[in-house]
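First up is the structure itself, then whatever we jot down about it.
The values are calculated or read from the model by the stated rules, or taken from the named source; none is laboratory data. Remember, it's a predicted structure, so these values are computed and weren't measured experimentally. With ideal geometry, Cβ positions are generated from the backbone for all residues, glycine too; neighbour counts draw on all protein chains shown. Accessible surface is based on the protein model in full, side chains and every heavy atom, while ligands, DNA and RNA are left aside. Shrake-Rupley method; radii C 1.70, N 1.55, O 1.52, S 1.80 Å.
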Amino acid sequence: MELFFLAMLFLLMMYALGSGYPVAFALPGSAIITIVIAGIAGQLFTGDSGAYFIQDGPVEWLTAGVTNFRGIYWEVERDTLIAIPLFIFMGIMLQRSRIAEDLLVTMAQLFGPMPGGLGISVVFVGALLAATTGIVGATVVAMGLISLPAMLRNKYSQSLATGTICASGTLGQIIPPSIVLIILADQLSNASDQAQATRQSLYKEATGDISMPSDLSVVSTSAGDMFLGAFIPGVVLVLLYMAYILISAILRPNTAPAVKYDGKLLERDFILKVLLALIPPLALIFVVLGSIIAGVATVNQAGAIGAVGATIMAAYRLHEGRKGAFYPAILSIVSVVVIYLLLQKYNLNIRSVEAVNNRAGIAMAIVAVMVLVVSVIWSLWRTYKVDNTLKGVMQETAKTTSLVFIILLGAAMLTAAFRGFGGEEVVKHFLSGLPGGFWTQFVVVMAVIFLLGFFLDFIEIAVVVVPIVAPILLADPSANVTAVWLGVMIGLNIQTSFLTPPFGFALFYLRGVASKAVKTIEMYKGVVPFIILQ
(Lines give C-alpha, C1' and ligand atoms only; values in the text may rest on other atoms or scores of the structure.)
Protein backbone atom coordinates (compact mmCIF):
# COMPACT_ATOMS: atom_id res chain seq x y z
CA MET A 1 0.00 0.00 0.00
CA GLU A 2 2.96 2.32 0.51
CA LEU A 3 3.51 2.24 -3.25
CA PHE A 4 -0.14 3.19 -3.81
CA PHE A 5 0.16 6.29 -1.65
CA LEU A 6 3.55 7.07 -3.19
CA ALA A 7 1.86 7.06 -6.60
CA MET A 8 -0.95 9.21 -5.17
CA LEU A 9 1.62 11.73 -3.91
CA PHE A 10 3.23 11.96 -7.34
CA LEU A 11 -0.07 12.21 -9.24
CA LEU A 12 -1.45 14.87 -6.89
CA MET A 13 1.72 16.93 -7.30
CA MET A 14 1.64 16.65 -11.10
CA TYR A 15 -2.07 17.48 -11.21
CA ALA A 16 -1.57 20.56 -9.02
CA LEU A 17 1.37 21.78 -11.10
CA GLY A 18 -0.45 21.07 -14.37
CA SER A 19 -3.56 22.90 -13.13
CA GLY A 20 -1.60 26.07 -12.58
CA TYR A 21 -1.42 26.05 -8.79
CA PRO A 22 1.62 27.92 -7.47
CA VAL A 23 4.55 25.58 -6.86
CA ALA A 24 4.83 26.89 -3.30
CA PHE A 25 1.37 25.42 -2.54
CA ALA A 26 1.42 22.42 -4.89
CA LEU A 27 4.44 20.76 -3.25
CA PRO A 28 3.47 20.90 0.45
CA GLY A 29 -0.26 20.64 -0.34
CA SER A 30 0.07 17.33 -2.17
CA ALA A 31 2.33 16.01 0.62
CA ILE A 32 -0.04 16.99 3.46
CA ILE A 33 -3.14 15.67 1.66
CA THR A 34 -1.49 12.32 0.91
CA ILE A 35 -0.19 11.89 4.48
CA VAL A 36 -3.62 12.70 5.95
CA ILE A 37 -5.44 10.34 3.56
CA ALA A 38 -2.95 7.54 4.31
CA GLY A 39 -3.41 8.07 8.05
CA ILE A 40 -7.23 8.04 7.81
CA ALA A 41 -7.20 4.95 5.55
CA GLY A 42 -4.91 3.11 7.94
CA GLN A 43 -7.13 3.95 10.89
CA LEU A 44 -10.31 2.87 9.06
CA PHE A 45 -9.07 -0.39 7.54
CA THR A 46 -6.50 -1.65 10.03
CA GLY A 47 -7.08 0.35 13.20
CA ASP A 48 -3.53 1.74 12.95
CA SER A 49 -3.00 5.17 11.41
CA GLY A 50 0.63 4.31 10.67
CA ALA A 51 -0.11 1.07 8.83
CA TYR A 52 0.59 2.49 5.37
CA PHE A 53 3.87 4.21 6.27
CA ILE A 54 7.26 2.50 6.32
CA GLN A 55 7.49 3.43 10.00
CA ASP A 56 5.82 5.71 12.54
CA GLY A 57 2.59 7.48 11.57
CA PRO A 58 1.13 10.59 9.92
CA VAL A 59 1.80 12.86 12.91
CA GLU A 60 5.48 11.93 12.95
CA TRP A 61 5.92 12.51 9.21
CA LEU A 62 4.07 15.83 9.31
CA THR A 63 6.34 16.76 12.22
CA ALA A 64 9.36 15.69 10.15
CA GLY A 65 8.27 18.09 7.41
CA VAL A 66 7.96 20.93 9.92
CA THR A 67 11.39 20.01 11.32
CA ASN A 68 12.76 20.34 7.80
CA PHE A 69 11.17 23.81 7.67
CA ARG A 70 13.00 24.81 10.85
CA GLY A 71 16.25 23.36 9.57
CA ILE A 72 16.31 25.78 6.65
CA TYR A 73 16.26 28.79 8.99
CA TRP A 74 17.66 27.64 12.31
CA GLU A 75 20.63 25.39 11.53
CA VAL A 76 23.80 27.46 11.78
CA GLU A 77 25.54 25.19 9.28
CA ARG A 78 23.04 26.15 6.55
CA ASP A 79 23.88 29.86 6.51
CA THR A 80 24.88 29.59 2.83
CA LEU A 81 21.33 30.50 1.83
CA ILE A 82 21.90 34.01 3.20
CA ALA A 83 23.91 34.73 0.05
CA ILE A 84 20.84 34.31 -2.17
CA PRO A 85 19.19 37.72 -1.53
CA LEU A 86 22.58 39.46 -1.72
CA PHE A 87 23.39 38.13 -5.19
CA ILE A 88 19.81 38.77 -6.35
CA PHE A 89 20.10 42.38 -5.15
CA MET A 90 23.42 42.77 -7.01
CA GLY A 91 21.96 41.48 -10.26
CA ILE A 92 18.76 43.51 -10.19
CA MET A 93 20.64 46.69 -9.26
CA LEU A 94 22.93 46.31 -12.29
CA GLN A 95 19.98 45.59 -14.54
CA ARG A 96 17.82 48.48 -13.28
CA SER A 97 20.66 51.00 -13.49
CA ARG A 98 21.18 50.17 -17.21
CA ILE A 99 24.80 49.13 -16.71
CA ALA A 100 23.96 45.84 -18.43
CA GLU A 101 22.42 47.75 -21.35
CA ASP A 102 25.53 49.92 -21.78
CA LEU A 103 27.71 46.82 -21.79
CA LEU A 104 25.62 45.06 -24.44
CA VAL A 105 25.46 48.05 -26.80
CA THR A 106 29.19 48.77 -26.50
CA MET A 107 30.26 45.15 -27.03
CA ALA A 108 27.94 44.86 -30.05
CA GLN A 109 29.69 47.85 -31.62
CA LEU A 110 33.11 46.36 -30.80
CA PHE A 111 32.51 42.81 -32.13
CA GLY A 112 29.97 43.66 -34.83
CA PRO A 113 32.34 44.06 -37.82
CA MET A 114 33.47 40.40 -37.67
CA PRO A 115 31.33 37.50 -39.05
CA GLY A 116 28.80 36.56 -36.40
CA GLY A 117 30.21 39.36 -34.26
CA LEU A 118 26.85 40.60 -33.03
CA GLY A 119 25.94 37.11 -31.84
CA ILE A 120 29.35 36.63 -30.22
CA SER A 121 28.93 39.94 -28.40
CA VAL A 122 25.59 38.72 -27.03
CA VAL A 123 27.27 35.56 -25.67
CA PHE A 124 30.16 37.59 -24.23
CA VAL A 125 27.83 40.03 -22.49
CA GLY A 126 25.60 37.15 -21.38
CA ALA A 127 28.62 35.58 -19.67
CA LEU A 128 29.53 38.84 -17.93
CA LEU A 129 25.94 39.41 -16.85
CA ALA A 130 25.82 35.81 -15.63
CA ALA A 131 28.80 36.52 -13.38
CA THR A 132 27.21 39.71 -12.05
CA THR A 133 23.45 39.11 -12.11
CA GLY A 134 22.61 35.41 -12.27
CA ILE A 135 18.96 36.36 -12.95
CA VAL A 136 17.85 34.55 -16.11
CA GLY A 137 14.62 36.46 -16.65
CA ALA A 138 16.23 39.88 -16.31
CA THR A 139 19.15 38.91 -18.55
CA VAL A 140 17.00 37.42 -21.34
CA VAL A 141 14.58 40.36 -21.32
CA ALA A 142 17.39 42.94 -21.29
CA MET A 143 19.28 41.30 -24.14
CA GLY A 144 16.07 40.59 -26.03
CA LEU A 145 14.95 44.22 -25.90
CA ILE A 146 18.34 45.58 -26.97
CA SER A 147 19.97 42.99 -29.23
CA LEU A 148 17.07 41.12 -30.88
CA PRO A 149 15.86 44.12 -32.95
CA ALA A 150 19.47 44.85 -33.94
CA MET A 151 20.11 41.24 -34.95
CA LEU A 152 16.92 40.99 -37.01
CA ARG A 153 17.54 44.41 -38.56
CA ASN A 154 20.99 43.24 -39.68
CA LYS A 155 19.49 40.12 -41.32
CA TYR A 156 20.42 37.52 -38.71
CA SER A 157 18.32 34.37 -39.00
CA GLN A 158 15.49 34.26 -36.48
CA SER A 159 16.50 30.87 -35.12
CA LEU A 160 20.16 31.83 -34.54
CA ALA A 161 19.25 35.20 -33.02
CA THR A 162 16.69 33.82 -30.57
CA GLY A 163 18.76 30.74 -29.74
CA THR A 164 21.79 32.90 -28.97
CA ILE A 165 19.85 35.23 -26.67
CA CYS A 166 18.05 32.44 -24.81
CA ALA A 167 21.19 30.32 -24.36
CA SER A 168 23.32 33.28 -23.27
CA GLY A 169 20.66 34.35 -20.80
CA THR A 170 20.79 30.97 -19.05
CA LEU A 171 24.54 31.14 -18.43
CA GLY A 172 23.72 32.74 -15.08
CA GLN A 173 22.71 29.30 -13.83
CA ILE A 174 26.18 27.80 -14.16
CA ILE A 175 28.67 30.69 -14.14
CA PRO A 176 29.32 31.74 -10.53
CA PRO A 177 28.04 33.40 -8.49
CA SER A 178 24.84 31.51 -9.24
CA ILE A 179 21.69 30.99 -7.19
CA VAL A 180 21.27 27.44 -8.49
CA LEU A 181 24.83 26.59 -7.39
CA ILE A 182 24.10 27.92 -3.91
CA ILE A 183 20.91 25.84 -3.67
CA LEU A 184 22.68 22.75 -5.01
CA ALA A 185 25.51 23.23 -2.51
CA ASP A 186 22.98 23.41 0.32
CA GLN A 187 21.17 20.27 -0.85
CA LEU A 188 24.37 18.34 -1.58
CA SER A 189 25.92 19.11 1.79
CA ASN A 190 22.99 17.28 3.43
CA ALA A 191 23.15 14.52 0.80
CA SER A 192 26.87 14.07 1.53
CA ASP A 193 26.15 13.57 5.23
CA GLN A 194 23.57 10.88 4.40
CA ALA A 195 25.91 9.21 1.91
CA GLN A 196 28.73 9.26 4.48
CA ALA A 197 26.49 7.53 7.05
CA THR A 198 25.50 4.90 4.46
CA ARG A 199 29.12 4.21 3.51
CA GLN A 200 30.05 3.99 7.18
CA SER A 201 27.31 1.41 7.73
CA LEU A 202 28.35 -0.62 4.67
CA TYR A 203 32.00 -0.58 5.76
CA LYS A 204 31.08 -1.75 9.26
CA GLU A 205 28.98 -4.62 7.85
CA ALA A 206 31.77 -5.70 5.51
CA THR A 207 34.74 -5.42 7.89
CA GLY A 208 33.32 -5.16 11.39
CA ASP A 209 35.51 -2.11 11.94
CA ILE A 210 33.84 1.07 13.19
CA SER A 211 36.41 3.56 11.89
CA MET A 212 36.42 3.94 8.10
CA PRO A 213 39.56 5.11 6.23
CA SER A 214 39.41 8.74 5.21
CA ASP A 215 40.00 7.91 1.54
CA LEU A 216 36.61 6.14 1.50
CA SER A 217 34.78 9.14 2.95
CA VAL A 218 32.34 11.18 0.89
CA VAL A 219 33.78 14.61 0.11
CA SER A 220 31.15 17.22 0.89
CA THR A 221 30.77 20.64 -0.72
CA SER A 222 30.04 24.28 -0.02
CA ALA A 223 28.88 27.19 -2.15
CA GLY A 224 32.49 28.37 -2.52
CA ASP A 225 33.58 24.93 -3.70
CA MET A 226 30.70 24.82 -6.17
CA PHE A 227 31.70 28.23 -7.54
CA LEU A 228 35.26 27.02 -8.05
CA GLY A 229 34.11 23.79 -9.64
CA ALA A 230 31.68 25.46 -12.05
CA PHE A 231 33.98 28.26 -13.24
CA ILE A 232 35.96 26.28 -15.85
CA PRO A 233 32.91 24.38 -17.23
CA GLY A 234 31.09 27.72 -17.50
CA VAL A 235 33.96 29.29 -19.47
CA VAL A 236 34.16 26.23 -21.73
CA LEU A 237 30.42 26.49 -22.40
CA VAL A 238 30.79 30.17 -23.35
CA LEU A 239 33.62 29.33 -25.75
CA LEU A 240 31.52 26.54 -27.31
CA TYR A 241 28.65 28.99 -27.86
CA MET A 242 30.99 31.50 -29.48
CA ALA A 243 32.62 28.84 -31.64
CA TYR A 244 29.23 27.61 -32.86
CA ILE A 245 28.16 31.13 -33.88
CA LEU A 246 31.48 31.84 -35.59
CA ILE A 247 31.44 28.54 -37.52
CA SER A 248 27.80 29.08 -38.47
CA ALA A 249 28.64 32.57 -39.73
CA ILE A 250 31.56 31.27 -41.81
CA LEU A 251 29.69 28.30 -43.30
CA ARG A 252 26.40 30.17 -43.79
CA PRO A 253 27.20 33.90 -44.03
CA ASN A 254 23.57 34.84 -44.59
CA THR A 255 22.61 33.62 -41.09
CA ALA A 256 25.00 35.94 -39.21
CA PRO A 257 26.43 38.69 -41.44
CA ALA A 258 29.00 41.20 -40.23
CA VAL A 259 27.67 44.56 -39.01
CA LYS A 260 29.65 47.67 -39.91
CA TYR A 261 30.19 50.26 -37.19
CA ASP A 262 29.60 53.81 -38.40
CA GLY A 263 32.31 55.30 -36.22
CA LYS A 264 36.01 54.45 -35.83
CA LEU A 265 36.91 51.66 -33.43
CA LEU A 266 40.26 53.21 -32.55
CA GLU A 267 38.86 56.64 -31.68
CA ARG A 268 39.76 57.87 -28.20
CA ASP A 269 36.12 58.43 -27.21
CA PHE A 270 35.09 54.94 -28.31
CA ILE A 271 37.99 53.30 -26.45
CA LEU A 272 37.06 55.22 -23.29
CA LYS A 273 33.44 54.14 -23.74
CA VAL A 274 34.50 50.47 -24.03
CA LEU A 275 36.73 50.72 -20.96
CA LEU A 276 34.05 52.44 -18.89
CA ALA A 277 31.47 49.84 -19.86
CA LEU A 278 33.76 46.83 -19.43
CA ILE A 279 36.15 47.51 -16.55
CA PRO A 280 33.64 48.13 -13.68
CA PRO A 281 31.68 44.86 -14.23
CA LEU A 282 34.94 42.92 -14.65
CA ALA A 283 36.33 44.51 -11.49
CA LEU A 284 33.18 43.57 -9.59
CA ILE A 285 33.41 39.97 -10.84
CA PHE A 286 37.09 39.83 -9.91
CA VAL A 287 36.48 41.18 -6.40
CA VAL A 288 33.47 38.92 -5.68
CA LEU A 289 34.88 35.67 -7.09
CA GLY A 290 38.48 36.51 -6.25
CA SER A 291 37.67 37.06 -2.58
CA ILE A 292 36.03 33.61 -2.45
CA ILE A 293 38.81 31.84 -4.35
CA ALA A 294 41.55 33.51 -2.28
CA GLY A 295 39.77 32.57 0.93
CA VAL A 296 39.53 36.21 2.00
CA ALA A 297 35.74 36.16 2.22
CA THR A 298 32.98 33.59 2.62
CA VAL A 299 30.23 33.35 0.03
CA ASN A 300 27.94 35.45 2.21
CA GLN A 301 30.58 38.14 2.66
CA ALA A 302 31.32 38.09 -1.08
CA GLY A 303 27.60 38.53 -1.75
CA ALA A 304 27.60 41.61 0.49
CA ILE A 305 30.63 42.95 -1.38
CA GLY A 306 28.82 42.42 -4.67
CA ALA A 307 25.67 44.17 -3.46
CA VAL A 308 27.65 47.19 -2.24
CA GLY A 309 29.76 47.27 -5.42
CA ALA A 310 26.67 47.15 -7.64
CA THR A 311 25.11 50.03 -5.68
CA ILE A 312 28.22 52.18 -6.09
CA MET A 313 28.31 51.41 -9.83
CA ALA A 314 24.60 52.23 -10.16
CA ALA A 315 25.14 55.56 -8.39
CA TYR A 316 27.50 56.93 -11.04
CA ARG A 317 25.52 55.41 -13.94
CA LEU A 318 22.27 57.00 -12.79
CA HIS A 319 24.06 60.36 -12.51
CA GLU A 320 25.85 60.03 -15.83
CA GLY A 321 26.59 63.38 -17.42
CA ARG A 322 26.06 65.31 -14.19
CA LYS A 323 28.71 67.07 -12.14
CA GLY A 324 30.30 64.85 -9.51
CA ALA A 325 28.83 61.65 -10.90
CA PHE A 326 31.93 59.64 -10.00
CA TYR A 327 32.60 61.17 -6.56
CA PRO A 328 31.12 58.26 -4.47
CA ALA A 329 32.94 55.69 -6.61
CA ILE A 330 36.25 57.58 -6.31
CA LEU A 331 35.84 57.86 -2.52
CA SER A 332 35.15 54.14 -2.19
CA ILE A 333 38.12 53.15 -4.40
CA VAL A 334 40.53 55.44 -2.53
CA SER A 335 39.34 54.21 0.88
CA VAL A 336 39.68 50.54 -0.13
CA VAL A 337 43.19 51.13 -1.51
CA VAL A 338 44.20 52.95 1.70
CA ILE A 339 42.86 50.10 3.86
CA TYR A 340 44.76 47.57 1.73
CA LEU A 341 48.02 49.51 2.07
CA LEU A 342 47.54 49.90 5.82
CA LEU A 343 47.00 46.14 6.13
CA GLN A 344 50.38 45.56 4.51
CA LYS A 345 52.17 47.80 7.00
CA TYR A 346 50.23 47.54 10.27
CA ASN A 347 48.45 44.92 12.33
CA LEU A 348 44.92 46.34 12.27
CA ASN A 349 43.47 43.87 14.75
CA ILE A 350 41.81 46.03 17.40
CA ARG A 351 43.44 43.87 20.08
CA SER A 352 46.82 45.23 19.00
CA VAL A 353 45.82 48.82 19.78
CA GLU A 354 48.05 48.72 22.86
CA ALA A 355 51.09 48.53 20.61
CA VAL A 356 52.32 52.05 19.91
CA ASN A 357 53.35 51.22 16.35
CA ASN A 358 49.82 50.08 15.44
CA ARG A 359 47.84 52.97 16.90
CA ALA A 360 48.48 55.28 13.96
CA GLY A 361 47.56 52.55 11.47
CA ILE A 362 44.32 51.70 13.29
CA ALA A 363 43.39 55.39 13.49
CA MET A 364 43.95 55.85 9.75
CA ALA A 365 42.02 52.64 9.02
CA ILE A 366 39.06 53.92 11.04
CA VAL A 367 39.05 57.13 9.00
CA ALA A 368 39.25 55.14 5.72
CA VAL A 369 36.36 52.91 6.80
CA MET A 370 34.27 55.97 7.68
CA VAL A 371 34.97 57.40 4.22
CA LEU A 372 33.91 54.08 2.67
CA VAL A 373 30.67 54.10 4.69
CA VAL A 374 29.99 57.67 3.55
CA SER A 375 30.47 56.66 -0.11
CA VAL A 376 28.08 53.71 0.29
CA ILE A 377 25.41 55.86 1.99
CA TRP A 378 25.87 58.50 -0.72
CA SER A 379 25.39 55.86 -3.41
CA LEU A 380 22.29 54.48 -1.69
CA TRP A 381 20.82 57.99 -1.49
CA ARG A 382 21.44 58.55 -5.20
CA THR A 383 19.80 55.25 -6.20
CA TYR A 384 16.86 56.15 -3.96
CA LYS A 385 16.38 59.65 -5.41
CA VAL A 386 16.83 58.81 -9.12
CA ASP A 387 13.69 57.16 -10.46
CA ASN A 388 13.17 55.47 -7.08
CA THR A 389 15.57 52.78 -8.29
CA LEU A 390 16.50 51.49 -4.83
CA LYS A 391 12.87 50.90 -3.87
CA GLY A 392 12.22 48.92 -7.06
CA VAL A 393 15.36 46.84 -6.56
CA MET A 394 14.46 46.08 -2.95
CA GLN A 395 10.93 45.03 -3.91
CA GLU A 396 12.12 42.74 -6.70
CA THR A 397 14.78 41.26 -4.43
CA ALA A 398 12.18 40.53 -1.76
CA LYS A 399 9.82 38.92 -4.29
CA THR A 400 12.48 36.73 -5.88
CA THR A 401 13.99 35.69 -2.54
CA SER A 402 10.56 34.88 -1.12
CA LEU A 403 9.82 32.73 -4.18
CA VAL A 404 13.03 30.75 -3.71
CA PHE A 405 12.56 30.20 0.02
CA ILE A 406 8.88 29.30 -0.10
CA ILE A 407 9.65 26.64 -2.70
CA LEU A 408 12.41 25.35 -0.42
CA LEU A 409 9.86 25.08 2.38
CA GLY A 410 7.35 23.28 0.17
CA ALA A 411 9.99 20.84 -1.01
CA ALA A 412 10.94 20.09 2.61
CA MET A 413 7.42 18.80 3.31
CA LEU A 414 7.29 16.89 0.02
CA THR A 415 10.61 15.18 0.79
CA ALA A 416 9.29 14.09 4.20
CA ALA A 417 6.18 12.54 2.60
CA PHE A 418 8.25 10.85 -0.10
CA ARG A 419 10.44 9.20 2.52
CA GLY A 420 7.45 8.35 4.71
CA PHE A 421 6.03 6.13 1.97
CA GLY A 422 9.36 4.49 1.22
CA GLY A 423 10.07 6.39 -1.97
CA GLU A 424 13.76 6.69 -1.19
CA GLU A 425 14.08 2.91 -0.87
CA VAL A 426 12.17 2.40 -4.13
CA VAL A 427 14.55 4.71 -6.00
CA LYS A 428 17.56 3.11 -4.32
CA HIS A 429 16.49 -0.44 -5.28
CA PHE A 430 15.73 0.67 -8.84
CA LEU A 431 19.11 2.33 -9.33
CA SER A 432 21.10 -0.40 -7.61
CA GLY A 433 19.37 -3.01 -9.78
CA LEU A 434 20.61 -1.42 -12.99
CA PRO A 435 23.50 -3.18 -14.74
CA GLY A 436 26.73 -1.22 -15.15
CA GLY A 437 27.14 0.16 -11.65
CA PHE A 438 27.52 3.84 -10.84
CA TRP A 439 27.86 5.19 -14.36
CA THR A 440 24.60 3.58 -15.53
CA GLN A 441 22.86 5.03 -12.46
CA PHE A 442 24.38 8.42 -13.18
CA VAL A 443 23.26 8.42 -16.84
CA VAL A 444 19.72 7.40 -15.87
CA VAL A 445 19.51 10.12 -13.21
CA MET A 446 20.80 12.77 -15.63
CA ALA A 447 18.31 11.64 -18.27
CA VAL A 448 15.46 11.89 -15.75
CA ILE A 449 16.57 15.38 -14.68
CA PHE A 450 16.78 16.45 -18.33
CA LEU A 451 13.24 15.18 -19.02
CA LEU A 452 11.90 16.84 -15.87
CA GLY A 453 13.39 20.09 -17.17
CA PHE A 454 10.73 20.06 -19.89
CA PHE A 455 8.07 20.61 -17.22
CA LEU A 456 9.68 21.85 -13.98
CA ASP A 457 11.70 24.89 -12.97
CA PHE A 458 15.32 24.53 -11.84
CA ILE A 459 14.42 25.20 -8.19
CA GLU A 460 11.87 22.36 -8.05
CA ILE A 461 14.39 19.95 -9.60
CA ALA A 462 17.17 21.04 -7.27
CA VAL A 463 15.14 20.79 -4.06
CA VAL A 464 12.95 17.78 -4.91
CA VAL A 465 15.06 15.44 -7.07
CA VAL A 466 18.59 16.12 -5.81
CA PRO A 467 17.91 15.22 -2.13
CA ILE A 468 16.50 11.86 -3.30
CA VAL A 469 19.11 10.73 -5.84
CA ALA A 470 22.31 12.45 -4.63
CA PRO A 471 22.72 10.39 -1.41
CA ILE A 472 22.27 7.19 -3.44
CA LEU A 473 24.84 8.17 -6.07
CA LEU A 474 27.40 9.49 -3.58
CA ALA A 475 27.03 6.48 -1.26
CA ASP A 476 27.97 4.01 -4.02
CA PRO A 477 31.42 2.64 -3.02
CA SER A 478 32.37 2.39 -6.70
CA ALA A 479 31.68 6.10 -7.26
CA ASN A 480 34.99 7.92 -7.28
CA VAL A 481 33.35 11.34 -7.54
CA THR A 482 32.92 14.30 -5.21
CA ALA A 483 29.76 16.22 -4.38
CA VAL A 484 31.23 19.21 -6.26
CA TRP A 485 31.60 17.20 -9.48
CA LEU A 486 28.09 15.80 -9.15
CA GLY A 487 26.68 19.25 -8.37
CA VAL A 488 28.32 20.87 -11.40
CA MET A 489 27.06 18.12 -13.71
CA ILE A 490 23.53 18.47 -12.34
CA GLY A 491 23.80 22.27 -12.63
CA LEU A 492 24.73 22.05 -16.31
CA ASN A 493 21.82 19.68 -16.87
CA ILE A 494 19.34 21.85 -14.96
CA GLN A 495 20.40 24.83 -17.07
CA THR A 496 18.68 23.22 -20.07
CA SER A 497 15.32 23.44 -18.22
CA PHE A 498 15.22 27.10 -19.28
CA LEU A 499 15.57 26.14 -22.96
CA THR A 500 13.47 22.98 -23.36
CA PRO A 501 9.89 23.46 -24.59
CA PRO A 502 7.02 23.47 -23.78
CA PHE A 503 7.83 25.23 -20.48
CA GLY A 504 11.26 26.69 -21.22
CA PHE A 505 11.19 29.88 -19.19
CA ALA A 506 13.84 31.63 -21.30
CA LEU A 507 11.60 31.02 -24.31
CA PHE A 508 8.66 32.59 -22.51
CA TYR A 509 10.72 35.61 -21.47
CA LEU A 510 11.97 36.18 -25.01
CA ARG A 511 8.56 35.46 -26.54
CA GLY A 512 7.11 38.29 -24.47
CA VAL A 513 9.81 40.63 -25.81
CA ALA A 514 9.73 39.40 -29.40
CA SER A 515 5.95 39.62 -29.72
CA LYS A 516 5.06 38.82 -33.34
CA ALA A 517 8.53 39.50 -34.72
CA VAL A 518 9.67 35.90 -34.29
CA LYS A 519 7.82 32.65 -34.84
CA THR A 520 7.70 30.24 -31.92
CA ILE A 521 8.92 27.38 -34.08
CA GLU A 522 12.01 29.42 -34.99
CA MET A 523 12.76 29.93 -31.28
CA TYR A 524 12.51 26.18 -30.66
CA LYS A 525 14.79 25.46 -33.61
CA GLY A 526 17.28 28.06 -32.40
CA VAL A 527 17.77 26.64 -28.89
CA VAL A 528 18.33 23.02 -30.04
CA PRO A 529 22.02 23.46 -31.04
CA PHE A 530 22.81 25.17 -27.73
CA ILE A 531 21.12 22.38 -25.76
CA ILE A 532 23.25 19.87 -27.68
CA LEU A 533 26.42 21.86 -26.91
CA GLN A 534 25.73 21.44 -23.21
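As a fraction of the 1.4 Å probe accessible area of the chain, surface on carbon and sulfur atoms comes out at 68 percent. Spread over its residues, the convex hull of the C-alpha atoms of the range 1-53 is 58 Å³ per residue. Once the gyration tensor of the Cα atoms in the chain is diagonalised, the equivalent ellipsoid follows with semi-axes of 43, 32, 22 Å, ordered largest first. Pair-distance distribution of the range 170-214: all C-alpha pairs, bin width 10 Å, starting at 0; shares per bin in whole percent are 26, 29, 21, 17, 7. Approximating the spin labels as points 7 Å out from Cα along Cα→Cβ, the Ser211-to-Phe270 distance works out to 6.9 nm.
Taken about its Cα centre, the range 147-245 carries a charge dipole of roughly 660 debye when the Cβ of each Lys and Arg holds +1 and the Cβ of each Asp and Glu holds -1. Solvent-accessible area per residue in the range 136-247 equals 37 Å², computed with a 1.4 angstrom probe and all protein chains kept. Note on the chain: with charges restricted to the Cβ of Lys and Arg (+1) and Asp and Glu (-1), its dipole about the Cα centre is near 2360 debye.
Ordering Gly392, Gly117, Val445 by Cα displacement along the dipole of the chain toward the positive end leaves Gly117 in first place; charges were set at the Cβ atoms of Lys, Arg (+1) and Asp, Glu (-1).
The alpha carbons of the range 256-412 give a radius of gyration and a Dmax of 20.2, 69 Å, in that order. Per residue, the solvent-accessible area of the range 278-376 (1.4 Å probe, heavy atoms of protein chains only, all protein chains present) comes to 57 Å². Scaled against the 2.2 N^0.38 Å expected of a compact globular protein of N residues, the Cα radius of gyration of the range 93-211 reads 1.60.
Legend: residue pairs Lys323/Lys391; Lys273/Lys323; Lys391/Lys525; Lys260/Lys391, Cα-Cα distance threshold 30 Å; pairs beyond threshold, Lys391/Lys525; Lys260/Lys391.
Heavy-atom accessible surface of Ile312, to the nearest 10 Å², is about 20 Å², with a 1.4 Å probe and all protein chains retained. Placing unit charges on each Cβ (+1 for Lys and Arg, -1 for Asp and Glu) gives the chain a dipole about its Cα centre, and among Leu3, Val308, Ser497 the Cα reaching farthest toward its positive end belongs to Val308.
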